[in-house]
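Let me begin by presenting the structure, written as structure tokens, before commenting on it.
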Amino acid sequence: MPTAPEELFVGLDIGTTAAKAVAYTAAGDAVASGQAVTPWAITPTGAEVAAEDLLTSATTALGQMLRECPAGRIAGLGVTGLAESGVLVDGSGVPLAPVIAWHDTRDGAELSALRAAFPGDEFAATTGLPLRQQWSITKHLWLHRNLPESRAAVRRFNVGEWLVRALGGDEATEQSLASRTGWLDLRRRAWWPEALEWSHARASLMPPIVTAGTPLGTVRSDCGLDRLGGAVLTVAGHDHQVAAIGAGAAGAGDQLDSCGTAEAIVRSVEPTLDPDRVLALTSRGITVGWHAAAGHWCLLGGTQGGLALQRILSMLGHPRDELDRGALAVDAPAVRVDAPAFGKVTIGDIGDSVTPAQVWRAALESVTDQVAELHEAMTAASGPHRTFVVTGGWATSPALMEVKRRRFGAVVPATVDQAGARGAAMLAAQAAGAEFSG
């Protein structure tokens, strides 16, 4: 008797640079993938994109994946991706305004107004977010003030939620994405009325809050992706937390160090931190929010360590493998590299005998110092970490991994690629009531 085709699960990861779709077997094996550029339009303050173009990018990646995909029923599709950016739609589901990138700075005046409206620690204590330029709340107020047509919106979605709805799914707000808006009361896990009123939003704009992995209907048959028709849909949540799930680092006390252009530290904790500890974290730039993993909070801090390393690598003009070998032989670099979490890199104390390998080792130490500051703040608030998993492009640097081991002890390289897409596929299997054993 011929063997029946395997059941498949798809993870769709909508990142700042690209949309990536990966199909997995229930055993966790990746069998097909597709990718498309996230089509931002550059603005004087950052970037924006039409919601319809995001959908086109997503369906392009999915279509490319389907052309490679082996036989088998696609049982579930989970969507993860960037946070903070939102989609406002009218009663017919038509987007009314551009999607503003999370890093866009057009809302400077709105941020100043937010500080005045919620002085002291009120905003951070309620939301678990440092009071800075990033969150949805100030972007929404900017739209209200500058695009009158946006005021007719009847629903507001985060990007992953919008894509699930556009593919045929039910309306929902996933809790890890809700935690990045500035509207969510962290402890109540409910919308904060004062913040909604301040930003000219309202509770009726917000779909019901759910956890990642909640089944939200199925892919409609007329979306142009025939093999996906009938697949159970779920919003998998914020990409950093979903990557932790995909990398097997989402249990209480687990920590994921995602070393890309930006370096993100993701600590999974029980939802029990008291207000003083939350404020101690937000004062260090660390966010506290609901996790994509049900029943957990997520502590999230970031640096631009990967960007700093790339700048120095380009300046030195040597292959990374060569610099890594030299850096591993250096004990105490006779040079100083200052690579702040956000800002320009400076190099000092350069003597006649300084070598490129010493500069590289000093750079690795400097970016690790930044991670250590976040790590130590998280440990002070939530206790020692249980596991420390490292993923991302810079995790392939033997010298950087050795510096991390010397600083943090046992550091485990992730054994999976595309952890975000994999985590989304795992949550898709959960939504479909299936086992994902890989």
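Note on the chain: helix-only mean residue ellipticity at 222 nm, from DSSP H runs of 4+ residues weighted -39500 (n - 2.57) and normalised by residue number, equals -10500 deg cm²/dmol.
Given R0 = 56 Å, the distance between the Cβ atoms of ALA41 and ARG386 translates into a calculated FRET efficiency of 0.85.
Note on GLU197 and VAL94: the model spin-label points, each 7 Å out from Cα along the C-beta direction, lie 3.3 nm apart. What is the list of residues in segment 100-130 whose amide nitrogen lies under 16 Å from a point 7 angstrom out from the Cα of ARG187, following Cα to Cβ? Answer for this model: 121-129. The mean of 1/r over all distinct Cα pairs in the chain, once inverted, gives the Kirkwood hydrodynamic radius of 22.4 Å. Note on segment 249-414: along the principal axes its Cα atoms extend 54, 29, 23 Å, ordered by decreasing extent. Global dimensions of segment 343-438 from alpha-carbon coordinates: Rg and Dmax equal 18.2, 65 Å.
Taking the centroid of alpha carbons for each part, segment 1-79 and segment 357-379 are 34 Å apart. Full extension of the segment from ASP274 to THR261, taken as 0.36 nm per residue of separation minus the current Cα-Cα distance, would add 1.4 nm. When Rg and the Kirkwood Rh are both derived from Cα coordinates, the Rg/Rh ratio for segment 159-301 amounts to 1.01.
For segment 261-374, relative contact order (Cα pairs under 8 Å, six or more residues apart, normalised by length) works out to 26 percent.
Each of SER314 and LEU147 was given a label point 7 Å from its Cα along the Cα-to-Cβ line. The distance between the two points is 3.1 nm. Of the DSSP H helices in the chain, those that are both long (alpha-carbon extent of 24 Å or more along the helix axis) and hydrophobic (Kyte-Doolittle mean at least -0.5) are 51-68, 356-382. In this structure the amide hydrogen of VAL210, modeled in the peptide plane, comes within under 5 Å of the amide hydrogens of THR173, GLU174, GLN175, none closer than 5 places in sequence on its chain. Classification of segment 136-215 by its C-alpha gyration tensor yields an oblate form. The axis ratio a/c (a ≥ b ≥ c) is 1.5 or more, and b/c is at least a/b. Size descriptors for segment 27-121 (Cα atoms only): Rg and Dmax, in that order, 18.3, 58 Å. Assign one of three labels to segment 275-314, namely rounded, prolate or oblate, based on the Cα gyration tensor with a ≥ b ≥ c the square roots of its eigenvalues; rounded applies when a/c is under 1.5, prolate when it is not and a/b is larger than b/c, and oblate otherwise. Oblate.
Mean separation of Cα pairs under 8 Å and 6 or more residues apart, divided by the residue count, gives segment 176-254 a relative contact order of 22 percent.
Considering segment 1-55, its Cα convex hull presents a mean projected area of 5.0 nm².
Throughout, read-outs are computed from the coordinates displayed, never taken from laboratory work. The shown structure was predicted, so the numbers you read here are calculated from the model rather than taken from an experiment. Every residue, glycine among them, receives a Cβ derived from its backbone with ideal geometry; neighbour counts consider all protein chains shown.
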